[in-house]
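In what follows, a structure is listed as C-alpha coordinates, so that the remarks can point back to it.
The values are calculated or read from the model by the stated rules, or taken from the named source; none is laboratory data. Since the model is a prediction, treat every value here as computed from it, not as a measurement. Cβ atoms come from the backbone with ideal geometry, glycine included; neighbour counts cover every protein chain shown.
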Amino acid sequence: MSTPTQTETASKTPLTRVRDLWNDYLPYWFMAPMVLVMVMITFFPGAYDLYLSLIAEPTFNVFEAEFVGLSNFETAFTRGGAFHSFVITITVVVSALLLESALGFVLAALVAGVESGRAKSFYRVLFIVPMAVAPVSLATIGRIMLNSEIGIIPYVIETGTPFAAPNFLSEVPLLTVILLDTWNWTPFMFIIFYAGLSSVPDTLVEASRVDGAPLWRRYVHVIIPYMKTVVFVAVLIRLIDLFRTFGVVYGLTNGGPGTATQLVSINIYEQMFINNQLGVAAAIAIVYLVLVVALCNVIIAKVGFEGVWD
(Lines give C-alpha, C1' and ligand atoms only; values in the text may rest on other atoms or scores of the structure.)
Protein backbone atom coordinates (compact mmCIF):
# COMPACT_ATOMS: atom_id res chain seq x y z
CA MET A 1 0.00 0.00 0.00
CA SER A 2 1.52 3.31 -1.07
CA THR A 3 1.78 6.23 1.33
CA PRO A 4 0.32 9.68 0.46
CA THR A 5 3.83 11.06 0.00
CA GLN A 6 4.77 8.32 -2.46
CA THR A 7 1.50 8.82 -4.34
CA GLU A 8 2.05 12.60 -4.51
CA THR A 9 5.63 12.18 -5.74
CA ALA A 10 4.62 9.66 -8.39
CA SER A 11 1.82 11.92 -9.62
CA LYS A 12 4.13 14.88 -10.25
CA THR A 13 4.71 15.72 -13.86
CA PRO A 14 8.17 16.62 -15.22
CA LEU A 15 7.07 20.26 -15.44
CA THR A 16 6.07 20.23 -11.76
CA ARG A 17 9.41 18.71 -10.76
CA VAL A 18 11.26 21.41 -12.71
CA ARG A 19 9.14 24.10 -11.04
CA ASP A 20 9.85 22.66 -7.58
CA LEU A 21 13.53 22.42 -8.36
CA TRP A 22 13.52 26.07 -9.49
CA ASN A 23 11.69 27.25 -6.34
CA ASP A 24 13.81 25.20 -3.93
CA TYR A 25 17.12 26.52 -5.28
CA LEU A 26 15.95 29.97 -6.42
CA PRO A 27 18.78 31.97 -4.74
CA TYR A 28 21.39 29.73 -6.36
CA TRP A 29 19.86 30.17 -9.82
CA PHE A 30 20.08 33.94 -9.44
CA MET A 31 23.70 33.65 -8.30
CA ALA A 32 24.72 31.26 -11.07
CA PRO A 33 25.17 33.83 -13.90
CA MET A 34 27.41 36.04 -11.75
CA VAL A 35 29.42 33.06 -10.55
CA LEU A 36 29.86 31.93 -14.14
CA VAL A 37 31.01 35.41 -15.18
CA MET A 38 33.47 35.55 -12.27
CA VAL A 39 34.90 32.16 -13.24
CA MET A 40 35.30 33.21 -16.87
CA ILE A 41 36.82 36.66 -16.30
CA THR A 42 38.70 36.12 -13.02
CA PHE A 43 39.49 32.57 -11.98
CA PHE A 44 40.14 31.07 -15.40
CA PRO A 45 42.44 33.92 -16.58
CA GLY A 46 44.23 33.78 -13.23
CA ALA A 47 44.82 30.05 -13.52
CA TYR A 48 45.97 30.42 -17.13
CA ASP A 49 48.32 33.25 -16.10
CA LEU A 50 49.85 31.00 -13.44
CA TYR A 51 50.24 28.25 -16.06
CA LEU A 52 52.03 30.66 -18.43
CA SER A 53 54.41 31.77 -15.68
CA LEU A 54 55.62 28.19 -15.15
CA ILE A 55 56.29 27.12 -18.75
CA ALA A 56 58.75 28.12 -21.45
CA GLU A 57 56.33 28.63 -24.36
CA PRO A 58 52.56 28.03 -24.59
CA THR A 59 51.44 25.16 -26.81
CA PHE A 60 48.09 23.99 -28.13
CA ASN A 61 48.39 20.92 -25.88
CA VAL A 62 48.88 22.15 -22.32
CA PHE A 63 50.38 18.81 -21.31
CA GLU A 64 53.20 19.11 -23.86
CA ALA A 65 54.46 22.48 -22.59
CA GLU A 66 57.98 22.61 -21.15
CA PHE A 67 57.84 23.19 -17.39
CA VAL A 68 60.56 25.65 -16.26
CA GLY A 69 59.60 26.16 -12.63
CA LEU A 70 60.43 29.62 -11.29
CA SER A 71 62.75 30.51 -14.15
CA ASN A 72 60.36 33.13 -15.52
CA PHE A 73 60.14 34.78 -12.10
CA GLU A 74 63.93 34.92 -11.88
CA THR A 75 64.16 36.44 -15.36
CA ALA A 76 61.49 39.00 -14.50
CA PHE A 77 63.42 40.36 -11.52
CA THR A 78 66.94 40.04 -12.93
CA ARG A 79 66.56 41.09 -16.57
CA GLY A 80 62.91 42.07 -16.92
CA GLY A 81 63.07 45.26 -14.84
CA ALA A 82 60.30 44.10 -12.52
CA PHE A 83 61.87 45.46 -9.34
CA HIS A 84 62.37 48.92 -10.88
CA SER A 85 58.78 49.01 -12.14
CA PHE A 86 57.50 48.03 -8.69
CA VAL A 87 59.40 50.96 -7.14
CA ILE A 88 58.03 53.37 -9.74
CA THR A 89 54.49 52.08 -9.25
CA ILE A 90 54.60 52.36 -5.47
CA THR A 91 55.98 55.91 -5.76
CA VAL A 92 53.15 56.94 -8.09
CA VAL A 93 50.47 55.19 -6.03
CA VAL A 94 51.51 56.64 -2.66
CA SER A 95 52.12 60.17 -3.98
CA ALA A 96 48.94 60.37 -6.04
CA LEU A 97 46.80 58.84 -3.27
CA LEU A 98 48.04 61.35 -0.69
CA LEU A 99 47.58 64.32 -3.01
CA GLU A 100 44.15 63.24 -4.21
CA SER A 101 42.91 62.50 -0.69
CA ALA A 102 44.17 65.81 0.72
CA LEU A 103 42.94 67.96 -2.17
CA GLY A 104 39.64 66.09 -2.40
CA PHE A 105 38.94 66.62 1.30
CA VAL A 106 39.91 70.30 1.21
CA LEU A 107 37.70 70.97 -1.81
CA ALA A 108 34.82 69.04 -0.23
CA ALA A 109 35.19 71.05 3.00
CA LEU A 110 35.25 74.34 1.08
CA VAL A 111 32.17 73.49 -0.97
CA ALA A 112 30.32 72.20 2.10
CA GLY A 113 30.95 75.56 3.75
CA VAL A 114 29.37 77.54 0.90
CA GLU A 115 26.00 78.98 1.91
CA SER A 116 24.46 79.58 -1.51
CA GLY A 117 22.79 76.55 -3.09
CA ARG A 118 23.51 77.74 -6.63
CA ALA A 119 27.18 78.26 -5.83
CA LYS A 120 27.37 74.74 -4.39
CA SER A 121 25.89 73.28 -7.56
CA PHE A 122 28.30 75.28 -9.71
CA TYR A 123 31.37 74.13 -7.75
CA ARG A 124 30.21 70.51 -7.70
CA VAL A 125 29.90 70.45 -11.49
CA LEU A 126 33.18 72.35 -11.95
CA PHE A 127 35.21 69.97 -9.78
CA ILE A 128 33.71 66.82 -11.34
CA VAL A 129 34.52 67.80 -14.95
CA PRO A 130 38.15 66.44 -14.99
CA MET A 131 36.93 62.95 -14.11
CA ALA A 132 34.83 62.86 -17.30
CA VAL A 133 37.90 63.03 -19.55
CA ALA A 134 38.91 59.67 -21.07
CA PRO A 135 42.49 58.50 -20.24
CA VAL A 136 43.70 58.54 -23.87
CA SER A 137 42.20 61.99 -24.44
CA LEU A 138 43.75 63.23 -21.21
CA ALA A 139 47.18 61.92 -22.24
CA THR A 140 46.91 63.58 -25.67
CA ILE A 141 45.78 66.89 -24.20
CA GLY A 142 48.56 66.65 -21.60
CA ARG A 143 51.24 66.12 -24.24
CA ILE A 144 50.05 69.21 -26.11
CA MET A 145 49.70 71.44 -23.05
CA LEU A 146 53.10 70.40 -21.65
CA ASN A 147 54.98 70.70 -24.95
CA SER A 148 57.94 73.05 -24.46
CA GLU A 149 57.32 74.78 -27.82
CA ILE A 150 53.54 75.10 -28.17
CA GLY A 151 52.26 74.14 -24.71
CA ILE A 152 50.22 76.63 -22.69
CA ILE A 153 51.67 75.53 -19.34
CA PRO A 154 55.36 76.24 -20.20
CA TYR A 155 54.24 79.53 -21.76
CA VAL A 156 52.41 80.63 -18.59
CA ILE A 157 55.36 79.64 -16.39
CA GLU A 158 57.88 81.55 -18.52
CA THR A 159 55.75 84.66 -18.99
CA GLY A 160 54.12 84.82 -15.57
CA THR A 161 57.01 83.77 -13.32
CA PRO A 162 60.74 84.48 -13.18
CA PHE A 163 61.46 80.76 -13.60
CA ALA A 164 62.27 78.85 -16.79
CA ALA A 165 59.78 76.14 -17.65
CA PRO A 166 61.26 72.64 -17.53
CA ASN A 167 60.71 70.05 -20.21
CA PHE A 168 58.06 68.20 -18.23
CA LEU A 169 58.07 64.94 -20.19
CA SER A 170 61.87 64.52 -20.20
CA GLU A 171 63.13 66.29 -17.07
CA VAL A 172 60.38 65.60 -14.50
CA PRO A 173 58.27 62.81 -16.10
CA LEU A 174 57.38 61.04 -12.84
CA LEU A 175 56.17 64.25 -11.18
CA THR A 176 54.21 65.10 -14.33
CA VAL A 177 52.48 61.73 -14.28
CA ILE A 178 51.58 62.11 -10.59
CA LEU A 179 50.20 65.63 -11.03
CA LEU A 180 48.19 64.68 -14.12
CA ASP A 181 46.63 61.70 -12.36
CA THR A 182 45.91 63.92 -9.35
CA TRP A 183 44.10 66.43 -11.55
CA ASN A 184 42.12 63.63 -13.20
CA TRP A 185 41.01 61.73 -10.09
CA THR A 186 40.79 64.29 -7.29
CA PRO A 187 37.11 64.77 -8.29
CA PHE A 188 36.44 61.14 -7.34
CA MET A 189 37.72 61.74 -3.81
CA PHE A 190 35.88 65.07 -3.73
CA ILE A 191 32.54 63.41 -4.50
CA ILE A 192 32.89 60.78 -1.76
CA PHE A 193 34.25 63.19 0.85
CA TYR A 194 31.54 65.74 0.05
CA ALA A 195 28.87 63.07 0.56
CA GLY A 196 30.55 62.11 3.85
CA LEU A 197 30.68 65.72 5.06
CA SER A 198 27.01 66.17 4.15
CA SER A 199 26.13 63.21 6.37
CA VAL A 200 27.80 64.63 9.50
CA PRO A 201 25.01 65.70 11.93
CA ASP A 202 24.80 69.46 12.39
CA THR A 203 24.24 68.90 16.12
CA LEU A 204 27.75 67.46 16.55
CA VAL A 205 29.38 70.36 14.72
CA GLU A 206 27.26 72.92 16.56
CA ALA A 207 28.04 71.34 19.95
CA SER A 208 31.79 71.52 19.27
CA ARG A 209 31.40 75.14 18.14
CA VAL A 210 29.51 76.02 21.32
CA ASP A 211 32.25 74.39 23.39
CA GLY A 212 34.71 76.80 21.84
CA ALA A 213 36.61 74.33 19.64
CA PRO A 214 38.47 76.05 16.79
CA LEU A 215 37.85 74.98 13.22
CA TRP A 216 40.82 72.61 12.98
CA ARG A 217 39.81 70.85 16.20
CA ARG A 218 36.29 70.39 14.89
CA TYR A 219 37.67 68.58 11.86
CA VAL A 220 40.29 66.55 13.71
CA HIS A 221 38.19 65.46 16.71
CA VAL A 222 34.60 65.47 15.40
CA ILE A 223 34.16 65.49 11.63
CA ILE A 224 37.00 63.23 10.45
CA PRO A 225 36.40 60.53 13.13
CA TYR A 226 32.72 60.51 12.15
CA MET A 227 33.77 60.10 8.49
CA LYS A 228 36.26 57.30 9.23
CA THR A 229 34.39 54.65 7.26
CA VAL A 230 33.81 56.98 4.31
CA VAL A 231 37.49 57.91 4.18
CA PHE A 232 38.49 54.25 4.44
CA VAL A 233 36.25 53.15 1.57
CA ALA A 234 37.35 56.05 -0.66
CA VAL A 235 41.05 55.45 -0.03
CA LEU A 236 40.75 51.69 -0.54
CA ILE A 237 38.87 52.03 -3.84
CA ARG A 238 41.29 54.65 -5.13
CA LEU A 239 44.29 52.59 -3.98
CA ILE A 240 43.15 49.56 -5.97
CA ASP A 241 42.39 51.72 -9.00
CA LEU A 242 45.82 53.39 -8.87
CA PHE A 243 47.51 50.00 -9.06
CA ARG A 244 45.61 49.48 -12.34
CA THR A 245 46.88 52.72 -13.93
CA PHE A 246 47.99 52.23 -17.52
CA GLY A 247 46.30 54.33 -20.20
CA VAL A 248 47.19 57.84 -19.04
CA VAL A 249 50.85 57.05 -18.34
CA TYR A 250 51.38 55.01 -21.49
CA GLY A 251 49.69 57.63 -23.64
CA LEU A 252 51.66 60.45 -22.03
CA THR A 253 55.19 59.02 -21.76
CA ASN A 254 55.11 55.42 -23.11
CA GLY A 255 56.84 54.49 -19.86
CA GLY A 256 59.78 56.76 -20.65
CA PRO A 257 62.05 58.49 -21.00
CA GLY A 258 63.89 55.20 -20.71
CA THR A 259 62.12 53.46 -17.86
CA ALA A 260 61.50 56.56 -15.71
CA THR A 261 57.72 56.07 -15.69
CA GLN A 262 57.53 52.34 -16.44
CA LEU A 263 54.74 51.17 -14.18
CA VAL A 264 54.24 47.47 -13.56
CA SER A 265 51.26 47.47 -15.93
CA ILE A 266 53.40 49.01 -18.69
CA ASN A 267 56.22 46.55 -17.99
CA ILE A 268 53.80 43.63 -18.32
CA TYR A 269 52.47 45.05 -21.59
CA GLU A 270 55.97 45.53 -23.03
CA GLN A 271 57.19 42.09 -21.96
CA MET A 272 54.20 40.40 -23.56
CA PHE A 273 53.43 42.37 -26.71
CA ILE A 274 56.81 43.93 -27.55
CA ASN A 275 59.42 41.49 -26.21
CA ASN A 276 57.15 38.45 -26.77
CA GLN A 277 58.07 37.11 -23.31
CA LEU A 278 54.72 35.66 -22.25
CA GLY A 279 56.14 33.71 -19.32
CA VAL A 280 57.99 36.72 -17.91
CA ALA A 281 54.92 38.94 -18.28
CA ALA A 282 52.76 36.32 -16.56
CA ALA A 283 55.28 35.99 -13.72
CA ILE A 284 55.28 39.76 -13.09
CA ALA A 285 51.49 39.80 -13.17
CA ILE A 286 51.26 36.97 -10.63
CA VAL A 287 53.65 38.67 -8.20
CA TYR A 288 51.85 41.98 -8.68
CA LEU A 289 48.45 40.42 -8.00
CA VAL A 290 49.68 38.71 -4.84
CA LEU A 291 51.24 41.91 -3.49
CA VAL A 292 48.17 44.06 -4.19
CA VAL A 293 45.78 41.52 -2.67
CA ALA A 294 48.03 41.11 0.37
CA LEU A 295 48.32 44.88 0.85
CA CYS A 296 44.56 45.40 0.60
CA ASN A 297 43.90 42.57 3.07
CA VAL A 298 46.40 44.04 5.55
CA ILE A 299 44.69 47.43 5.30
CA ILE A 300 41.25 45.86 5.75
CA ALA A 301 42.49 43.80 8.72
CA LYS A 302 44.04 46.84 10.42
CA VAL A 303 41.22 49.30 9.76
CA GLY A 304 38.28 46.93 9.26
CA PHE A 305 34.87 47.34 7.67
CA GLU A 306 33.14 47.96 10.99
CA GLY A 307 30.45 50.54 10.46
CA VAL A 308 30.81 50.61 6.67
CA TRP A 309 27.53 48.76 6.07
CA ASP A 310 25.57 50.56 8.80
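Quick notes
- Single match in PRO154, PRO162 (criterion: outside any helix (DSSP H, G or I) and out of contact with any Gly (no Cβ under 9 Å at 6 or more places or on another chain)): PRO162
- Where helices (runs of 4 or more DSSP H) fall wholly inside segment 187-258, the ranges with 1 or more residues that are at pLDDT 90 or above and within 17 Å of VAL94 (Cα to Cα) are 228-243, 247-253.
- Test: residue in segment 118-131 that is part of a loop (DSSP other than H, G, I, E, B), out of contact with any Pro (no Cβ under 6 Å at 6 or more places or on another chain) and surrounded by 13 or more Cβ atoms within 10 Å (Cβ to Cβ): no
- Once segment 15-57 is narrowed to residues that are part of a helix (DSSP H, G or I) and of a type in the set (Phe, Trp, Tyr), the residue that is farthest from ILE284 (Cα to Cα) is TRP22.
- With respect to being more than 24 Å from LEU110 (Cα to Cα), in the same structural domain as THR89 (by TED's automatic domain parsing) and free of Cβ contacts under 8 Å to residues at least 60 places away in the same chain, GLY142 falls outside the description.
- Selection of segment 58-90 for residues being part of a helix (DSSP H, G or I), surrounded by 15 or more Cβ atoms within 10 Å (Cβ to Cβ) and not hydrophobic (A, V, I, L, M, F, W, C) yields SER71, ASN72, THR75, HIS84, SER85, THR89.
- Residue within segment 36-49 that is free of Cβ contacts under 8 Å to residues at least 24 places away in the same chain, in contact with a helix residue (DSSP H, G or I) (Cβ under 8 Å, 6 or more places away or on another chain) and surrounded by fewer than 16 Cβ atoms within 10 Å (Cβ to Cβ) present: no
- Subset of segment 260-281 [surrounded by 15 or more Cβ atoms within 10 Å (Cβ to Cβ) and either more than 20 Å from the chain's Cα centre (by Cα) or in a loop (DSSP other than H, G, I, E, B) (or both)]: ALA260, THR261, GLN262, LEU263, GLU270, GLN271, MET272, GLN277, LEU278, GLY279, VAL280, ALA281
Okay, residues lined up against (1) assigned by TED's automatic domain parsing to the domain that holds ILE224; (2) at pLDDT 85 or above:
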| residue | (1), (2) |
| --- | --- |
| LYS12 | no, no |
| THR59 | no, no |
| SER71 | no, yes |
| GLY80 | yes, yes |
| THR91 | yes, yes |
| VAL94 | yes, yes |
| LEU107 | yes, yes |
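- Segment 213-254, residues that are among the small types (Gly, Ala, Ser) and either out of contact with any Pro (no Cβ under 6 Å at 6 or more places or on another chain) or within 21 Å of ALA294 (Cβ to Cβ) (or both): ALA213, ALA234, GLY251
- Meets criteria (of a type outside the set (S, T, N, Q) and under 19 Å from GLY104 (Cα atoms)) for LEU295: no
- Hey, ILE178 surrounded by 15 or more Cβ atoms within 10 Å (Cβ to Cβ), part of a helix (DSSP H, G or I) and either at pLDDT 90 or above or outside the structural domain of GLY196 (by TED's automatic domain parsing) (or both) or not: yes
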